[in-house]
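The values are calculated or read from the model by the stated rules, or taken from the named source; none is laboratory data. Here the structure is a predicted model, which means the values were calculated and not measured. In this analysis, Cβ positions are derived from the backbone assuming ideal geometry, glycine residues included, and neighbour counts consider all displayed protein chains.
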Amino acid sequence: MAGPPKKKQRREEKPDGELPQKKYYRQRAHANPFSDHDLTYPESPEAMDWSLHYPAFANTSKGNDTTESDTAQNGQSTQSRMTQQVEIADIGCGYGGLLFALSPRFPNTLILGLEIRTAVTEYVQEKIKALRGQQSSSTSSTTPGDEQVAPPSTAPAAAPTYTNISCLRANTMKFLPNFFRRAQLAAIFLCFPDPHFKARKHKARIVSAGLVSEYAFVLRPGGKVYTITDVADLHAWMVEHLEAHASFERVGEAEVEGDECVEVMRRETEEGKKVERNGGSKFVAVFRRLEDPEWP
């Protein structure tokens, strides 16, 4: 009988706490978004237990330690287990470059990467686990008397780095509203999505009339959709569909250039670095979620 695939075997042999090596998690770039993929999703955002992904932000106060079965029986939302909710989503996060770059910049904001490929998701999850472990070891190794006294401040203390990011294997083209409530998110990133060049494949693009409506549903007024690609045709496609939707307006060039998230998106993603090395172009467009009009 043949043994396990070499890459998988190498992944399993990795010592605990060691950063994963990307070469053992390589996977083909394309995945069929219309396939079932044998994935399990929460029935609704209220059924999603985020405390498993962000334990540092879990509500540990007495009375919020119900089990999943208890929640199902008494209707108590698992949202009550958290001190705050996910506010930034990186759809198609790849190897997590954006997640790891945003984490220290927004230490008190929960950021979620969503990726459809199994091995790639596992890589991001393992890297987050290892980085959290290293952070914990570094903190616990501090000897008495070495602690720095922080100046008085009314701002909340920043959470340890990388405790505010997580990654899920998911097909967001099918089940995005299963994870997020209406107006929950402050930002959605669509970084170098699959261009699906053939016309018959355009229906699989991550931006379409139907999907833009879903992005509008989960984004709060003032929230932003960030898009970047090195394919001019795909850039024009995404701009066309987002501009055509009544819930979005395009952000002006001056504001885009002054946005810290845009610079991170350009420089820190794996694809962004690859385009930089090859001297390619990067096309950026940012759209703001508008307030819903009042009912007549």
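Flag set for K201, criterion: charged (D, E, K, R) and assigned to a helix (DSSP H, G or I). Restricted to the range 70-93, and to residues there that are small (G, A, S) and over 15 Å from I188 (Cβ atoms), the residue that is modelled with the lowest pLDDT is A72.
Taken residue by residue, the range 278-286 has at least one member that is surrounded by 12 or more Cβ atoms within 10 Å (Cβ to Cβ), touching a residue at least 60 places away in the same chain (Cβ under 8 Å) and in contact with a Lys or Arg (Cβ under 7 Å, 6 or more places away or on another chain).
In this entry, A199 passes the filter for residues that are more than 24 Å from L102 (Cβ to Cβ), surrounded by fewer than 12 Cβ atoms within 10 Å (Cβ to Cβ), modelled with pLDDT under 95 and among the hydrophobic types (A, V, I, L, M, F, W, C). Go through (1) modelled with pLDDT under 95; (2) assigned to a helix (DSSP H, G or I); (3) within 18 Å of the chain's Cα centre (by Cα) and name the single condition D194 misses. In the conditions (1) modelled with pLDDT under 95; (2) assigned to a helix (DSSP H, G or I); (3) within 18 Å of the chain's Cα centre (by Cα), D194 misses (2) alone. Could you tell me whether L242 is under 19 Å from the mean Cα position of the chain (by Cα) and buried (at least 19 other Cβ atoms within 10 Å of the Cβ)? Considered against the rule, which asks whether it is under 19 Å from the mean Cα position of the chain (by Cα) and buried (at least 19 other Cβ atoms within 10 Å of the Cβ), L242 comes out as no.
When you look at R266, is it free of Cβ contacts under 8 Å to residues at least 40 places away in the same chain, loosely packed, with under 13 Cβ neighbours inside 10 Å and either part of a loop (DSSP other than H, G, I, E, B) or of a type in the set (D, E, K, R) (or both), yes or no? In short, no.
Consider the range 203-237 and keep the residues that are exposed (fewer than 14 other Cβ atoms within 10 Å of the Cβ) and free of Cβ contacts under 8 Å to residues at least 60 places away in the same chain. The one that is nearest to R182 (Cα to Cα) is S213. Tell me, yes or no, whether the range 101-116 has at least one residue that is within 14 Å of the chain's Cα centre (by Cα) and closer than 20 Å to E18 by Cα. So far as the range 101-116 goes, yes, one or more of its residues are within 14 Å of the chain's Cα centre (by Cα) and closer than 20 Å to E18 by Cα.
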